[in-house]
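Below is one structure, written out as structure tokens; the observations come after it.
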There are 4 protein chains.
Amino acid sequence: MGALYMGNKPLLKVDSKVSIVMDQLLRLLHYCGLPEGDVDFINSDGKTMNKLLLEANPRMTLFTGSSRVADKLAADLKGRVKLEDAGFDWKILGPDVQEEDYVAWVCDQDAYACSGQKCSAQSILFMHENWAKTSLITKIQDLADRRKLEDLTVGPVLTVTTGAILEHINQLLQIPGSKLLFGGEPLENHSIPQIYGAIKPTAVYVPVEEIVKDNNYDLVTKEIFGPFQIITDYKKEQLPLVLDILEKMHAHLTAAVVSNDAHFLQEVIGKTVNGTTYAGLRGRTTGAPQNHWFGPAGDPRGAGIGTPEAIKLVWSCHREIIYDLGPLPKHWEIPPST
Amino acid sequence: MGALYMGNKPLLKVDSKVSIVMDQLLRLLHYCGLPEGDVDFINSDGKTMNKLLLEANPRMTLFTGSSRVADKLAADLKGRVKLEDAGFDWKILGPDVQEEDYVAWVCDQDAYACSGQKCSAQSILFMHENWAKTSLITKIQDLADRRKLEDLTVGPVLTVTTGAILEHINQLLQIPGSKLLFGGEPLENHSIPQIYGAIKPTAVYVPVEEIVKDNNYDLVTKEIFGPFQIITDYKKEQLPLVLDILEKMHAHLTAAVVSNDAHFLQEVIGKTVNGTTYAGLRGRTTGAPQNHWFGPAGDPRGAGIGTPEAIKLVWSCHREIIYDLGPLPKHWEIPPST
Amino acid sequence: MGALYMGNKPLLKVDSKVSIVMDQLLRLLHYCGLPEGDVDFINSDGKTMNKLLLEANPRMTLFTGSSRVADKLAADLKGRVKLEDAGFDWKILGPDVQEEDYVAWVCDQDAYACSGQKCSAQSILFMHENWAKTSLITKIQDLADRRKLEDLTVGPVLTVTTGAILEHINQLLQIPGSKLLFGGEPLENHSIPQIYGAIKPTAVYVPVEEIVKDNNYDLVTKEIFGPFQIITDYKKEQLPLVLDILEKMHAHLTAAVVSNDAHFLQEVIGKTVNGTTYAGLRGRTTGAPQNHWFGPAGDPRGAGIGTPEAIKLVWSCHREIIYDLGPLPKHWEIPPST
Amino acid sequence: MGALYMGNKPLLKVDSKVSIVMDQLLRLLHYCGLPEGDVDFINSDGKTMNKLLLEANPRMTLFTGSSRVADKLAADLKGRVKLEDAGFDWKILGPDVQEEDYVAWVCDQDAYACSGQKCSAQSILFMHENWAKTSLITKIQDLADRRKLEDLTVGPVLTVTTGAILEHINQLLQIPGSKLLFGGEPLENHSIPQIYGAIKPTAVYVPVEEIVKDNNYDLVTKEIFGPFQIITDYKKEQLPLVLDILEKMHAHLTAAVVSNDAHFLQEVIGKTVNGTTYAGLRGRTTGAPQNHWFGPAGDPRGAGIGTPEAIKLVWSCHREIIYDLGPLPKHWEIPPST
């Protein structure tokens, strides 16, 4: 819609799993008065689309999806892209323990709502040692246990199979000091096809000292687009270690700093580069993008959605028109050359 | 400077022909208090610099120079670039003939000041038939004739040799209907080395019907970074042809629409995409970028200089921090999962 | 509505002639969900309202109405007012004669739509001598002649009686050189009560040299809130005289400068201070305030309606909160007193 | 300067005690190139100035001074004023006790720097009971004791005599529970003339329950433009009482909320209307207006200084120019009248 608002004629391609939905949306828009020639819609695989882009040479391409494809497209299209990249999103709990029930509930929603299938889902939780002493994890587990297939508070995972998730969990549990906090089992009594994933909401604990190690880092920070999160804790003096871990992440979509301690907020926000960042005791990772800018930061290709500023950045550009209509000063004469 | 204002630590590379100037500027900045660690400076050829960029993987690279290198860099750096590209800049005179002396003087300055060695220099001039009936060209020629080596109103051309320019002129004169308006001769009585160019301010007329032809187009719109311009004219009903020629240009840096006719301004500005565009009877192509945004338009990689908005676009990015400190509503209770 | 958007609790008073309409609007708002306690509504005469304001001492009062009452209120409330004052609105036609039919039609609508009962209605028309030579006045008269009671393109005048308007016309016709252009007669065959006005669309010509005279000025620039306008013309060299006339007017609500001549627009706009000013060949005095700021200029008490900026100016104010949360610099020590 | 930046021709009047300073400043400005006709300067008493204003009828008057004169001027000039009114400025310390030395030092500077002769000086200090238990007052007293005539950290009071200040202190000490905390004595061994004040930095404690009483309120909140402050304390549950006291003040210039407790800041800032408000542990009342907007809030006559927004609000106004140059739609025809 942003592309249309700015007067572009976009060509739209969505993942084939959801193209039937987009097809209906376009028909609705036509019904509401959108001229049929204003937007083109294509159903194809990625390879065909890539070929089309190379030939059509569009002025701008907005890509939402994996970092790998994003980088290929950026090179193919010589940088004429804006990217809304993948999200291994982190949440960090600060030293001030307050409102445990609320924080636990937000963690449950951030990690497991929509079975964790949001680009802003909580992928890793860092707890300050003050929080580690509370019953927060038990509370998160209790909330995860409420979830069930019957009311769709858990559901099928579209892009990762049950086997792949279980294998990922197994690999994590090889790391010294790691342990399964809850979940880790397939869903039962269901008719979800094998090509999808079906697993209980899961959390795995990994010690923060292990996460930072080179041989563990890529494994721990691999995004699982499903009901899965890593949980860890850190001592006060380990905050620089946590900030190192955050700095090494290559995608910087959303984040949450859960604290009302002004100096802690300054420290963490000032030393990280994530895009949409929720700060404060009620901070979450999966917010309400209709209310604010949503997008990554720290990359000139970064796109944004949700605000007039974001739409203008992505779908328009600055053009400077300088009017100089005169009149000439009275008695103007030709000056010397320069 | 923009990169520094925004808190980046830039690595600076300039063309080796001018690196001694930049070296002195940096020493001046250090003398004025710039911490020595705030900016790095490298002297190298382009090949070495390209290798360095690939290894260092900087978050952002601003490139000012030729479109060819720009496209290679954009691919190499996967789009993490902003570009200030080359300029084959056009000026179009509208139907309302006024202030001939002034317009002639601006044409002379735009095309030949600094021997035409500005990225915003006037490369082609489109005259409405009403202007073609005036003595405008004679006036431009008279102004060009004032220029001489003694007072440096003409001077050496750094990047194109005399022979290359003369050869270019010869090729243009093969086009049917084209003719040399003035200039076209080497400078005399000078000690400018052979590796530089030394030529009188030159204008070649090419009929507008010929410019648009595929076999002439690339030749006519080739940028000569020296005291050289194409001049043509168009009839009222040929304006769409002129707009076609402008649309086909691939670099869109600056432009001028010289007219106070409101509807003509609307037509030309609305159907072109150039960046910094001067409109009105006093319109020029080489303006005063300290007063306004200067940069191309119509490309998501486009950079800008000269205004706070431009500096922020190129050297910073939007980051959204949403504070949600609470307090919780009184009597808040855990809601159902979703 | 603006007052409510900004979080105020307004007390609303409208003229008793229209209070029944506002009563229904409030009931509609309540029906749509406006809490009943959010806005108070009072029906009273002006005297009672004045007393109420003095006792309640509201932080801000927005007054729309005559300049006389506005000045009294401003003094009574010690300046805690914003004013949307009366409008003796002018239109000036520039030297470039184009699109006569269109300009005539806009004049007819500006002066006579809603029987001239808009605060932005055209009260006086200044024609450049080039326009005076055309058939513009004949065209305006033809359009006025189309208006009739049957389709309500003329109607009753709420605040001025027929007799008062006729008397005003008679007084104007005493001025040397003035003449009735058209209209000037009561409507016939109607049942409009005597307390209202009922008159044909009317235009009176007064020479511009007479308007500027002290003994005529107040008479000519008296606002008649009905289907009535003054028309005059001026020679090129009389433009300063016209600008003097405009400068002397005390209310500066709306205006129109009908010309596409860039220098004429600069001259007139630069030397006048009216608020909402329409410029260009399609300029009108009665625009579409839903699209732009509508209000007077040149007075610190001036209010505006129709845009977020206007609403914020009138119904809110700037408050500066400077957060300085620390932390202190390490090793901070108490400095000497100052 | 703001008036000049916006293109006005101001008439400047300052208090006669400082007119010699302004005279020199104007001469400096002329020396630097200010055209002599750009600003007028008058030396007169207030009565003469009032007469001048009534006759000259300026479009805008900015008044900085007492609320009494401000209200008279507002009425005389029918509201064409902007006001920078007097300041009985408050500071409130929140529940989080931190950095006692720093807070004590800021209190000393806010109350006694320049002998308290700033419109933003701290006039009353509200301490949370947690602060009352600390040695804060002792620390403030120690800092006050450092001040001495020799190094001008105390000095003459221009507008209040020693006797008047002592009499004010005496009246305050009649209030049950009030006491002199420190100071309250004339300076000794000096040559300050009798018409000025000469008194040690002074603080008087008054119980918060007494301040709110009608018969004490005006006395306690009377501004003394000298080295004098009221100090009080409040229990957690007395915060609404404190907010009531703040709400009743009629001038709302600056304020400070000294706390890093997010919910306390929300509560106090949300329920007060002061203009320039410093929030956070390092909050002060006398800030650095060159860095931010400085001015009152909550009054449509309120002026601001120090930022482009403030200068534009006070010395300029919004004027809306709507360009509508056409062209007309093809085949346009005159529509029916309305």
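Every read-out reported here was derived from the displayed coordinates using simple, explicitly stated rules and does not represent laboratory data. The structure displayed is predicted, hence computed values, not measured ones. Neighbour counts run over all protein chains shown; Cβ positions are idealised from the backbone, glycine included.
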Simple spin-label model, 7 Å along Cα-to-Cβ: B:ASP214 to D:CYS114 in nm?
7.7 nm
Hey, what number do you get for chain A at 222 nm if only DSSP H runs of n ≥ 4 count, each worth -39500 (n - 2.57), divided across all residues, to the nearest 500?
-10000 deg cm²/dmol
Which distance in nm do the two modelled labels at B:GLU333 and C:ASP15 give, with both placed 7 Å along the Cα-to-Cβ direction?
5.6 nm
May I ask what percent, to the nearest 5, of DSSP beta bridges between residues of chain D are antiparallel?
15 percent
Loop only per DSSP, at most 12 neighbouring Cβ atoms within 10 Å: give me the trypsin sites (Lys or Arg not before Pro) in the range D:92-171, ordered by residue number.
D:LYS133, D:LYS148
Determine the shielding of peptide A:64-73 by partner chains: average, over its residues, the number of Cβ atoms on other chains within 10 angstrom of each Cβ.
1
Label point 7 Å out from C:ASP96 along Cα-to-Cβ: which residues of the range D:311-326 have amide N under 14 Å?
D:323-326
Just the number, please: percent antiparallel of the DSSP beta bridges in the range C:90-279, rounded to the nearest 5.
20 percent
Cα-Cα separations in the range B:90-279 greater than 30 Å, expressed as whole percent
15 percent
Nearest-to-axis residue of chain B, judged by beta-carbon position, where the axis maps B onto A, in Å
B:GLY79, 2
Relative contact order of chain B, defined on C-alpha pairs under 8 angstrom at six or more residues apart (%):
18 percent
Using r as the Cβ-Cβ distance of B:LYS248 and C:LYS236, and R0 as 41 Å, what FRET efficiency do you calculate, to the nearest 0.05?
0.35
List the distances, in nm to one decimal, from the label point of D:LEU28 to the label points of the same position in every other copy, shortest first, placing each label point 7 Å from Cα along the Cα-to-Cβ direction.
2.9, 6.1, 6.6
Pull up the DSSP beta bridges for the protein assembly as shown and report the antiparallel fraction as a percent, rounded to 5.
15 percent
In the range C:99-131, which residues have a backbone nitrogen under 15 Å from the label point lying 7 Å from C:THR138's Cα in the Cα-to-Cβ direction?
C:100-101, C:104, C:131
Once Rh for the range C:7-157 is found with the Kirkwood sum over Cα pairs, what is the Stokes-Einstein diffusion coefficient at 20 °C and 1.002 mPa s, in µm²/s?
112 µm²/s
Cβ-vector label at 7 Å, B:THR159, separations to other copies in nm:
4.3, 6.5, 6.7
Between C:HIS292 and B:GLN266, how many nm apart are label points set 7 Å from Cα along the C-beta direction?
1.4 nm
Peptides C:316-322, C:258-264: what's the order by average Cβ count within 10 Å, highest mean first?
C:258-264, C:316-322
Per DSSP, the loop-located GluC sites (Glu not before Pro) within the range C:116-221 having at most 15 other beta carbons within 10 Å are C:GLU188
Expressed as a whole-number percentage, the relative contact order of the range C:40-144 with C-alpha contacts under 8 angstrom and at least six residues apart is 25 percent
What whole-number value in cubic angstrom gives the convex hull volume per residue for the C-alpha atoms of chain B?
231 Å³
Shortest-first nm distances, B:PRO186 label point to equivalent points in other copies (7 Å, Cα→Cβ)
8.5, 9.8, 9.8
Mind jotting down the distance between the C-alpha centroids of the range D:144-178 and the range B:52-98, whole Å?
68 Å
May I ask you to derive the FRET efficiency for D:LYS51 and D:GLN194 from their Cβ-Cβ distance with R0 = 35 Å, giving the value to the nearest 0.05?
0.65
Quick one: Debye curve from the alpha-carbon atoms of the protein assembly as shown only, equal weights, vacuum; give me log10 I(q)/I(0) at q = 0.04, 0.05, 0.07 Å⁻¹ to two decimals.
-0.33, -0.53, -1.07
